1. Report D for the stretch 151-224 in µm² per second (integer): Stokes-Einstein, Kirkwood Rh on Cα pairs, 10 °C, 1.306 mPa s.
2. Given points 7 Å out from each Cα along the Cα-Cβ axis, report the Thr176 to Glu65 separation in nanometres with one decimal.
3. Here are some pairs, Lys75/Lys121; Lys75/Lys211; Lys121/Lys192; Lys52/Lys276; Lys121/Lys211; Lys121/Lys276; which of them have Cα atoms lying more than 18 Å apart in this structure?
4. State whether the stretch 21-71 is rounded, prolate or oblate according to the following rule on the C-alpha gyration tensor (a ≥ b ≥ c being the square roots of its eigenvalues): a/c under 1.5 gives rounded; otherwise a/b larger than b/c gives prolate, and the remaining case gives oblate.
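Quick note: the coordinates plus some simple rules give every number you see, no bench work behind them. What you see is a predicted model, and the numbers here were worked out from it, not measured in a lab. Cβ atoms come from the backbone with ideal geometry, glycine included; neighbour counts cover every protein chain shown.
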Amino acid sequence: MELDEVLGGYHAEDYSVRLVQAVTKVVPFAPDLPHAHSVAAVVQRLDPDARKQVAERAVVLARGERAQGVLWVAKALDTADSGITVYSGVRSAVKLYQSEQGERLAALETDPAQAADAVLKGLGIALMVHRMFEGGPLEKVEAFRKTDAGMAMLFYYAALDVGLPFTDNVVQGGGTLLAQLWERFGAQETEKLAAVAGAEEAQAAVGLLQKLQGPIVTMVDLASKHLAPIAEAAVAQLPKALDVADKVAGVAATGADALPVYRYLGARLAAEVVAKQALEEAAAATVSEAAARQEAGPGPGQVAFTKKKEVVDDNALEVAPQVAKPRKGLVGLLIGLLTAPFALLCGGC
């Protein structure tokens, strides 16, 4: 699966992209995540002066096992074709938030699909961290927390998959809610993940989710203070087909409800990590080359300086933005009209 193909399938006006941006703008301390339609675009956002060889290296890294593993998990969380069935979605989360207080208090009991999926998505995020980063659990978590896409993913999860559907439980204490969710659904969702990812990776995800619990609780607490604007932002970004007027507690959401948000966020995470690695490799190579030149000194018959000259840089990274195509023929018509009189005057020249 090409990472550029996944990213290119999303556009700045898509609901998934706008929904993530709406949530991160509402929740304090959430990172801004501007849309990027390719690995090269992510490289350029990280370093506007990056060379095109860096983007080419990042694309190669994106085909590696780690990035591909993240894309598999991200896709599995949004679709059921990999054996991980995800029932809940944005619409059901918003509806539960808008329901009566008694229904919200009983959400853990009356909507087990939403609760189970919150656990499953947490495990999925943890599995992405396990597959994408190197080192021990603490090193993986620390590296994940240094990425904008990773933090946007956690804030989205805390707000949409935990905060909105279980509002009253969150107000009572985010840590208590997560403990309740895990106690009731942890074993069955771990087993479900192990069936498709393997027992070893499922257990690695469990360990990493435990390490991520502290940051998630903090983000859930932050989101709990802004649930009304989060719900409003979510509703504003959803298509009319996902109307939130009817009751949904206890009813599993259907395919239209599960916007492919995690595939987008997973792809952005993989792209950011490989882009950073490519930039770090390029910086290390530059330092090594400079040190080697300094150690070697000027060669026979050479002077220790070169005359500066203007050159065309064929290695500059240029990323074409996703913009609407201009109307054809208009510019040519205007130029023709403006130059016609001069052509007549010079007809005998």
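1. 124
2. That separation, rounded to one decimal, is 4.5 nm.
3. Lys75/Lys211; Lys121/Lys276
4. Since a/c reaches 1.5 but b/c is at least a/b, the shape of the stretch 21-71 is classed as oblate.
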